[in-house]
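Peer 1: Let me give you the structure first, and then I'll get to my questions.
The values are calculated or read from the model by the stated rules, or taken from the named source; none is laboratory data. Keep in mind it's a predicted model, so treat the numbers as computed, not measured. Here the Cβ positions follow ideal geometry from the backbone for every residue, glycine too, while neighbour counts run over all protein chains shown.
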Amino acid sequence: MAQELAPIAVKENASVELLTCRIGDQWVGFRVQQVREVVNRQRRTQMPMAPEAVAGLINLRGKVITELEVRRVVGLPDRDEDAPFHVAIVETLSGEDFGLIVDDIGEVIVLNEDLFESTPRSLDDVWRQVSDGVLKQENRVLLLMNVDRFIGLTIPNAAAPNTKEITLH
Amino acid sequence: MDEELLGEFLTESNENLDSIEQQLMNLETNPDDAELLDSIFRAIHTVKGSCGFLNLTNLERVAHAGENLLSRIRSLKFLVNEDIVSLLLECADAIKQLLEGLADTGQEPNLDHSDLIGRLQVCERFVMGEDVAQGEAPEKSGEAELVEPLAWLVGFEDAVIHALIQAEMLTAADIISAGFAKLKGIEPLTSADALKILGVAKGHVDKPSVETDKTEQAAQQGQVSVEEEPTPASAKADKNEQVAEVKAEVAKPSSPPPAAKKAVAGNDSPAAQQAKRPAASNASVRVDVGLLDELMNQVGELVLTRNSLMQMISASGSMEFMRVGRDVDQITEQLQEQLLRTRMQPIQTIWSSVPRIVRDIGKQLDKKIKVIMEGEDTELDRTILNALKDPLTHIIRNSCDHGIEPHHIRVQQKKPVEGTLHLSAIQESGFILITISDDGGGIDADIIKEKALKMGSLTEEQAAVISPKAALQLIFNAGLSTAEKVTNFSGRGVGMDVVRTEIERVGGSVDIDSTLGRGTSLKIRIPLTLAIISAMVVGCKNQRFAIPQMSVRELLSAPDSSEEWRLIAGQPFYRLRGKLLPILRLKEALLFAEDEKPSGSIVVADIGDRTFGILVDQIFGAEEIVVKPLGVHFQHLNFYGGSTILGDGVVIPIFDCNGLASMVKLSTEAEVAKDYNQGNEEGDLGEQQHALIFMQGEQRFVIPMTLVERLECLEATRIEKTASGEVLQYRGEVIRVLRWGDLLGIGSGIDDPTAQMYCLILSDGGKRMCLQVDQVIDIVEVSFDIKRPSDNPLFLGTTVIQDIATEVVDVFEVVQQADPNWFAQPNDMKKRKILFVEDAQFFRHLVIPVLESMNFSIKTASDGVKACEILNSYQPDLILTDIEMPNMNGYQLAQWISEQPNLQGIPVVALTAQNEIDDESLFSDVISKLDSQELAEHLTKILQRFDIISEQEIGGTNHAITFG
C-alpha cells in the first residue's frame, strides 16, 4: 500500500523538500527527510484510556506505531466513518515513529527555505504552535510543520517527568 | 595497543578471575587442597603472563606479587589462614579493578597499589620465615625461585627490588643479559648496587642449572610446576628473544620450541592462540551481545510472520502448503528456542559473588554465616540477570547484616552458631523462582505496621485488619524502607523499595515472608526472558488484550448466575475457596461500559502481595507473544506493559497487572477480604460505628453507614430531571436524587455530563433515596464523639476522624427534609440486643453495619466458646451465629443454648454461606450470607415472628423482648 515518494534530484542550498498534506482546509508541509512513507487505512487497535489525540495502534510490517489523529489535535470534528484518509509515517528526534492521520496527500515540492515567512498571528493557535513558518501560494497558505513540536502537543502531562520506563523489549 | 588483542586479554582474564574468589574461599576452608591452590595460582599467573605481553606494568606488578606469594605457599605447602586469604582476595580485587579500568578506557588506569604489593611481599616473607622456623627443607626454596627469582636478592632495599621489577628484570638471567651499564642506569641503583646485584645474579644462575635437571626429571614424570611456566616465558619472548632463549634454558627445559615462541612474539597468529589457550575453548566463539539482541528482534518478527503465514495456510486448505507450513513452523520454533538459549546464562554468574559478600560482611560483623546454593545452573536471560544483580546483593547484605543475629543471641536462642543463608533457583513453567532465606531473627510485622501507621502509608482501619504477611510486604514501600528505625528494630529496610522496583522493571515480582525468631525468606519470581513471553489472551467488548502468564494464577468461569458473586458497597467480589477475591471489571475500568451485573470469566492475578480477579468477557487462550514497547503516549498509563502483534496481524495491548491492581476500587475492603480468616476481635463495639467519609468541594463530611445501602459510581447523565425534581432509575425503581452540594447551598460541582458521580444509595424500610456527593474517601469505623454541636440541622456536629475535623451528617434529618414521610411507619425495633457470633472478621464488618442500621445494640463473639462466656452474663433478644467456626461451631453453640434454662426462647438464627445445613432443627431460622438487603429483610421478618410468638406463649415473662 505504501505510496513511494519519488526521489527528487534537485538539491540546492537552503532548499527544502516538502510533502504536502491537507487537514481540513489547511495545507501543511512535512520535511521529506522526516517522512518514512505514506500508507492508507490500516487495521487499527483502539487503546482504552489513551490520550485524545491517539487514534490507536497499527501494525506496520511488524512494527507497532501510534496513530495520531491530527484533526483532533487542531480541534476539527472527526471525519465520517468511511471518509478516506492517509497516514504519514513520520520519524521524530526521539527515534519513535508516529502515524499522522491526514485527509489528503498532495505533491512533493522543492522550495527555497527563504521563501517561508514567519507564522502570522492570525493563524489558529494550535497551528501556530506547530508551525515553523508559512508559504503563501496562489490559492493557499502552506504551513511548514514542525513534527516534533506537534507530537509534543499530543503527549499528556508533557511537563511531568516520565515516571515509568519502557521496561519490556 | 592492539584493541582486538586487548579485548581477548580482558575476556580471558575475567574468565580466569571469575572463579578465583570462590576458590580462595574454598582454600580458606581446605588449606591443604593442592589442586585448588594450583588452579588459583594458574589464574593469577596467566594474567601476569599476558601483562608483560601487553606492556601493562601496573597490572603486572600486582599480579606478580600475588603470584609470588601463591607460589611460595604452594612450594612450601604452607597452610593459609584467614588473613592471607583476605590479602589474596584483595589482590584479586586490585587486578579486577585494573582490568575494569582497562576495559573502560583502553588504558591501564593509574592506580597505586604499592601498599598492597608491599603487604604481599611481607606476607611472602612471613610464609618463608614461618617455614624456616618450622625447619622445613630449605632446599625447596630453589624450586620457588623459578617463579620468584628476585627473592634471592637479599640484603637490598625494597626500593631496589621494586626498581628491578619495574625494569622487567625478574630473573637472574634478565639481570645478566641487561648488563652492568643498564643496571646502573636504573633509579635508584648506585654503581655499587649494580655490581653487587650482577654478582649475586651470576652466582645464582649457576645454581639453577642443577635445579634444571631436577625440574626436567619432574617434568618427565608429568609434574605440574612446569605447566605454569610457558606463559610468562613466551610473554617475555617478544621483549627480547635472546632473553627468552636464555630463560628457556635456565628455567624451562620443557617449554615450547623456539618456533612456537616466535609465533607468540609475532602476535596473534593461530599458533600463539593454540599455545595460550586450552583446546576446549576453541569450540566457542565470542559474539557481540548487540548482535544477539538484533538477531533476537529479527526472530521475534519471524515468529509473528510465521503466525500469520500459518493462518493463511490453514485458510487455504491446501495439503501441500500445510506440509511446508509445518516445517516452517517447526524450524522457526527451534530457531527461536535456540537463539533464546544463546542469551541465557546460569544464575551462577551473579551468585558467584555471594559467598564473598557474605564472608566479608561476616568478618566485619563477627558472624559466622554459611551459604548454601541450589540450582546454580538455572539459566536466565542475561538482561534479566544483570537487572537482578543489585537487588540480590542488597537482599543478601540485609540478610547477613540484620537477619542473622550476632553470636551471643544465637547461642541464647539455642540456634547453631553458624547462620545459614540459603539461595535456591528453580524453573517453574516459564518462570524462575529464586528464594533467598536466612535462619535469622525474622521481622516483626507489628513493628512494620506501627511504622507504616506513623508514615501514613497505612490507616488505623487497615492496620487493624491487615494480616502479618500483608504487613510484611509494606517493607517494600518507599517511605518505610528508607526509615532508619525499621532497620534498627526489625532488620530489613533500606532500599527495599528499590529492590522491588528493579525486579518489577524486568517483569518480576517479589514477596517476603518471615517468622519472628525463625528467619526470613524472600521469593522472587521472574520471567525466563523478556523478549518473548507467554500471555493469556482475553477478550472484552470485541477487543483482545494480553495478560502476562507470569501474573496469572488461575482462570474461573463466573456467569452472573454464579452464587459466588458478592457486591459490597458496589464493588464486586467473588468467593473463591472461602476467600473473597476483589474483582476488577475490565469493561468498567477501561470505560467501555458502566455498572452491569458481573459476568464472564475471571483471570485470577497474583502480584506478590495481592491477589485480585480481572473480569473479562472471554478467554481465548495462552500464546507466546513478542513484547513490543508502547510509545510515549502511553507512558502515564501504568496498566499497560507493552503491545504485541497476534497471528492475524492485529496489535493488542499487554497489561501490567501491577498497574491493573491499582485500579481495583476500595482496596480497604480488599484488604479486609484478604484477611478474611485472620485477626479476630470480639467484645462490645460500644459506640463504634461504620461510617463513610466523603468530600464536597474542600469540605469533609462523615455519614453513618446506618442507612447507606450501596455506594454507586454513576455517569452524571443517569440522573434525570422530572417535574418533581431529579430522579435516578435504580434496580427497577425510580428513586429521588438529593445533591449534597445543593443541600449545603454550594452547588453540585458537576459540569461535565460524562463525569462519574458518587451516589450513596440510602435505604430504609424498603424505600430508597440517592444522595449524590463529590467524592468518596473511605469507609472507617469510628465512634461519633461529637466535639462541637452544630446549628445546622443537617449536622449532628463536628467530630475528629483521622486527625481531621469532620462534619457528621444527620442522615435522618437529611432524609426527612427530602421526604417527610420517610420514617412515618412505626419503627418498633429500637434498642434490641443482639449477639452476633462470627469468626470471620470480614463478615463481621459486612454484617454489623446492617445490624446497626436496624438499630440493634450489638455484642460480637468470634466463636462459640466466647459466645457462651458472653451469654453467661448477657441476655440478648436474638442470637445470630455463623456455623463454621473454630473451637465451638454453630451447632454446638445452639445445642448449648438450648440446654441453658435462662436462655430458653431466645431465637437462635444461623447465618451461613452454605446452601444446606446439617441440623436445621437447632435453629429458629437460617439466613444465607448473601447481600445486606436480604439479611435485613430476613431479620425483620424473624423478629416480627418471634415477637408474636413470645407474647402469645409466655406473655413476656421469661424472655421479655423489650421495645425501645
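Peer 1: Scan the range B:297-318 and give yes if some residue there is within 14 Å of another protein chain (Cβ to nearest Cβ), in a helix (DSSP H, G or I), closer than 25 Å to residue B:643 by Cα and of a type in the set (Asp, Glu), otherwise no.
Peer 2: Yes - at least one qualifying residue is present in the range B:297-318.
Peer 1: Given the residues B:852, B:869, which is the only one that is at pLDDT 80 or above, surrounded by fewer than 23 Cβ atoms within 10 Å (Cβ to Cβ) and part of a helix (DSSP H, G or I)?
Peer 2: The conditions single out B:869.
Peer 1: So, in the range A:134-146, how many residues would count as being crowded, with 16+ Cβ neighbours inside 10 Å and free of Cβ contacts under 8 Å to residues at least 60 places away in the same chain?
Peer 2: Residues that pass the stated criteria total 2.
Peer 1: Next question, about the same structure. Filter the range B:860-879 for residues that are touching a helix residue (DSSP H, G or I) at 6+ places or on another chain (Cβ under 6 Å) and of a type in the set (Lys, Arg) and give the result.
Peer 2: The answer is none; no residue qualifies.
Peer 1: Can you name the residue in the range B:494-507 that is touching a residue at least 40 places away in the same chain (Cβ under 8 Å) and within 13 Å of chain A (Cβ to nearest Cβ) and is also nearest to residue B:436 (Cα to Cα) among such residues?
Peer 2: Per the criteria, the residue is B:503.
Peer 1: To continue, here is another question. Which members of the range B:97-118 meet the condition of being crowded, with 17+ Cβ neighbours inside 10 Å and not hydrophobic (A, V, I, L, M, F, W, C)? Even if it seems obvious, please write down each step before you answer.
Peer 2: Start the filter on the range B:97-118 by keeping residues that are crowded, with 17+ Cβ neighbours inside 10 Å, which leaves B:98-99, B:101-102, B:108, B:113, B:116-117.
The answer is B:101, B:108, B:113.
Peer 1: Right, next: Restricting to the range A:95-125, name every residue that is within 14 Å of another protein chain (Cβ to nearest Cβ) and exposed (fewer than 12 other Cβ atoms within 10 Å of the Cβ).
Peer 2: A:95
Peer 1: Can residue A:135 be described as more than 19 Å from residue B:628 (Cβ to Cβ), in contact with a Leu (Cβ under 9 Å, 6 or more places away or on another chain) and more than 14 Å from chain B (Cβ to nearest Cβ)?
Peer 2: Details: more than 19 Å from residue B:628 (Cβ to Cβ): yes; in contact with a Leu (Cβ under 9 Å, 6 or more places away or on another chain): yes; more than 14 Å from chain B (Cβ to nearest Cβ): yes.
It is true that residue A:135 is more than 19 Å from residue B:628 (Cβ to Cβ), in contact with a Leu (Cβ under 9 Å, 6 or more places away or on another chain) and more than 14 Å from chain B (Cβ to nearest Cβ).
Peer 1: Here's something else I'd like to know. Return the pair list, or none, for Cβ contacts closer than 7 Å from residues in the range B:744-772 that are outside the structural domain of residue B:729 (by TED's automatic domain parsing) to residues that are modelled with pLDDT under 80 and exposed (fewer than 12 other Cβ atoms within 10 Å of the Cβ), at least 6 apart or on different chains.
Peer 2: none
Peer 1: Among the residues of the range A:107-140, how many are more than 24 Å from residue A:37 (Cα to Cα), of a type outside the set (Gly, Ala, Ser) and not in a helix (DSSP H, G or I)?
Peer 2: 12
Peer 1: Right, another one. Residue pairs, Cβ under 6 Å, 6 or more apart or interchain, first in the range A:70-89 and within 17 Å of residue A:127 (Cα to Cα), second part of a loop (DSSP other than H, G, I, E, B). List them.
Peer 2: Qualifying pairs under 6 Å: A:72/A:52; A:72/A:53; A:73/A:53; A:76/A:24.
Peer 1: Taking the range B:402-422 only, how many residues are in contact with a helix residue (DSSP H, G or I) (Cβ under 6 Å, 6 or more places away or on another chain) and surrounded by 17 or more Cβ atoms within 10 Å (Cβ to Cβ)?
Peer 2: Kept after step one, since they are in contact with a helix residue (DSSP H, G or I) (Cβ under 6 Å, 6 or more places away or on another chain), are these residues of the range B:402-422: B:417, B:421.
This time we only want the ones that are surrounded by 17 or more Cβ atoms within 10 Å (Cβ to Cβ), so: B:421.
Result for the range B:402-422: 1.
Peer 1: Something else now. Being within 26 Å of residue B:163 (Cβ to Cβ) and at pLDDT 85 or above is the requirement here; does residue B:120 meet it?
Peer 2: yes
Peer 1: Of all residues in the range A:34-65 being within 12 Å of the chain's Cα centre (by Cα) and closer than 26 Å to residue B:306 by Cβ, which is farthest from the other protein chains (Cβ to nearest Cβ)?
Peer 2: A:37
Peer 1: Within the range B:76-90, can one find any residue that is in contact with a Lys or Arg (Cβ under 8 Å, 6 or more places away or on another chain) and either outside any helix (DSSP H, G or I) or over 24 Å from residue B:357 (Cα atoms) (or both)?
Peer 2: Yes, some residue in the range B:76-90 is in contact with a Lys or Arg (Cβ under 8 Å, 6 or more places away or on another chain) and either outside any helix (DSSP H, G or I) or over 24 Å from residue B:357 (Cα atoms) (or both).
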